[in-house]
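Here the structure is laid out as structure tokens; the discussion comes afterwards.
The values are calculated or read from the model by the stated rules, or taken from the named source; none is laboratory data. All of these numbers come straight from a predicted model, not from anything done at the bench. Reconstructed Cβ throughout: ideal geometry from the backbone, glycine too, with neighbour counts over all protein chains shown. Note: accessible area is taken over every heavy atom of the protein model, side chains too, but ligands, DNA and RNA are not part of it. Shrake-Rupley method; radii C 1.70, N 1.55, O 1.52, S 1.80 Å.
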Amino acid sequence: MKKTIRLIVLVLVIFILFAAWKIFGPRVAQPEAKFLYIKTGWVYHDVVAELENKKIISNTTWFNLVARALKYNIVKPGKYEIKKGMNLLGLVRMLKNGKQTPVNLVIIKFRTKEEFAHRIGREFETDSVQMINFLNNSDSLKNYGLDTNTWTCAIIPDTYVYFWNSTPTKIFSKLYLVSQKFWTKDKIEKLKDQSLNPKQAYTLASIIEEETNFQPDKGNIASVYINRFDRDIPLQADPTIKFAMRDFGLKRIYDKYLVIPSPYNTYINKGLPPGPICTPSVESLDAVINAPKTDYIYFVADSDFSGRSVFASNYKEHIKNARLFAEAQNRQDSLRKVQAK
């Protein structure tokens, strides 16, 4: 009798240890992508199938036992990190509590809806088509006081934290709220001195962003465009030609490009274009907000190709500066042709 009891106890101990190893041991395998993605609308059986398909668990029996014990039956969509050494108990608890891994959306510069939508489709459950449809929907954007041309005004380059299953509306709403915080009363008051509102300032900053990477010149470039705007002179901004042509790799803007029919062509249309041509940096926005008072009407890149600009308050002086730069460009082009032979 004692031997039988000992045998039963031994079997129970072995079973308990085996069960403990199955539940508390590192039985969860980390997939190549390191994450489990649970889509919106999935039910429990979809989750189990995905776990098995991705070889995160080798057997569904023990997972089901733990899930039943913890009453995991309401599926919460999201992006979940599967860590090395994770056990079944930890896995089920994470899924039950919906402890998603946040998505860090880093925004530096976007020029087009397609570019932005592609990035969103790569980072989130929503795809690029859904994001494009949102940005092309006037009814969606009017809730933010924006339209299909000014949608970028809701974006201040920064790092934004979301959940993977965020919808286009949630993604855009968070961007908009941050942009509203950016435009403080003090900044808006400064813009009044420039005769600009936030959307106009953002659009102008986007042009400056594309004009130069040389930070010290941005304020003076802003003053040039503000002076032109105030005097009803066409802005004649080369970056708007690139945007109108959707050719952002152009190195030189020839006269034949200046007559391209487009509302974004600031050579044939006075005033600002219908909307921004990119998402400008905070530095470019600050350059507009704090633009110095100057009498500059013209500027051109310095002929030494340093990245600096040369400014002028009269046409004669500007033509001289422009000629120097054009000659430098021609010499550089000739040198390239010789080196290419």
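If one takes the longest principal axis of the Cα atoms in the chain, at what angle in degrees, from 0 to 90 and to the nearest 10, does the Cα axis of helix 88-97 lie?
Helix 88-97 sits roughly 50 degrees off the main axis of the chain.
Could you tell me how many degrees, from 0 to 90 and to the nearest 10, lie between the Cα long axis of helix 315-340 and the main elongation axis, the longest principal axis, of the Cα atoms of the chain?
With rounding to tens, the tilt is 60 degrees.
Out of the total accessible area of the stretch 248-338 (probe 1.4 Å, heavy atoms of protein only), what percent is carbon and sulfur?
Exposed carbon and sulfur together represent 54 percent of the surface.
If you filter the stretch 232-341 for chymotrypsin sites (Phe, Trp or Tyr not before Pro), then keep DSSP loop positions with at most 15 other Cβ within 10 Å, what is left?
Sites meeting the loop and neighbour criteria: 248, 254, 305.
Rounded to the nearest 500 deg cm²/dmol, what is the calculated helix-only ellipticity per residue at 222 nm for the chain, with -39500 (n - 2.57) per DSSP H run of length n ≥ 4? Provide the component values of the computation, followed by the final result.
Details: 14 runs with 170 residues, N = 341.
Here the helix-only value at 222 nm equals -15500 deg cm²/dmol.
For the chain, what does the accessible surface come to per residue with a 1.4 Å probe? Please give it in Å². Don't skip to the end; give the middle numbers.
Working: 19050 Å² over 341 residues.
Per-residue accessible area for the chain comes out at 56 Å².
Which entry in (i) 1.21; (ii) 1.11; (iii) 1.04 matches Rg/Rh (Cα atoms, Kirkwood Rh) derived from the coordinates of this structure?
Comparing each candidate, only (i) matches the computed number.
Of all the accessible heavy-atom surface of the stretch 56-201, with the other protein chains kept in place and a 1.4 Å probe, what percent is carbon and sulfur?
49
With a cut-off of 8 Å between alpha carbons and a minimum separation of six or more residues, what is the relative contact order of the stretch 42-180 in percent?
Result for the stretch 42-180 is 22 percent.
Please go through the residue pairs 170/192; 185/293; 39/84; 54/113; 251/293 and name each one whose alpha carbons sit more than 28 Å apart in this structure.
From the list (170/192; 185/293; 39/84; 54/113; 251/293), the Cα-Cα distance tops 28 Å for 170/192; 54/113; 251/293.
Looking at the stretch 64-112, which trypsin sites (Lys or Arg not before Pro) are in a loop (DSSP not H, G, I, E or B) and have at most 16 other Cβ atoms within 10 Å? Please report the intermediate quantities before stating the final value.
Values: sites: 68, 71, 79, 83, 84, 93, 96, 99, 109, 111; in loops: 71, 83, 84, 99, 109, 111.
Passing sites in the stretch 64-112 are 71, 83, 84, 99, 109.
For Cα pairs less than 8 Å apart in space and 6+ apart in sequence, what is the mean separation divided by the residue count of the chain, i.e. the relative contact order in percent?
Here the relative contact order equals 13 percent.
With axes computed from alpha carbons, what is the tilt in degrees of helix 168-182 against the longest principal axis of the chain, rounded to the nearest 10 within 0 to 90?
Between the helix axis and the principal axis of the chain, the angle is about 50 degrees.
Expressed in nm to one decimal, what extension gain is obtained for the pair residue 70 and residue 327 from 0.36 nm per residue of sequence separation less their Cα-Cα distance?
Working it through step by step, the gained length comes to 84.9 nm.
Got the relative contact order for the stretch 216-341 handy, in percent, Cα pairs under 8 Å and 6 or more residues apart?
Answer for the stretch 216-341 is 25 percent.
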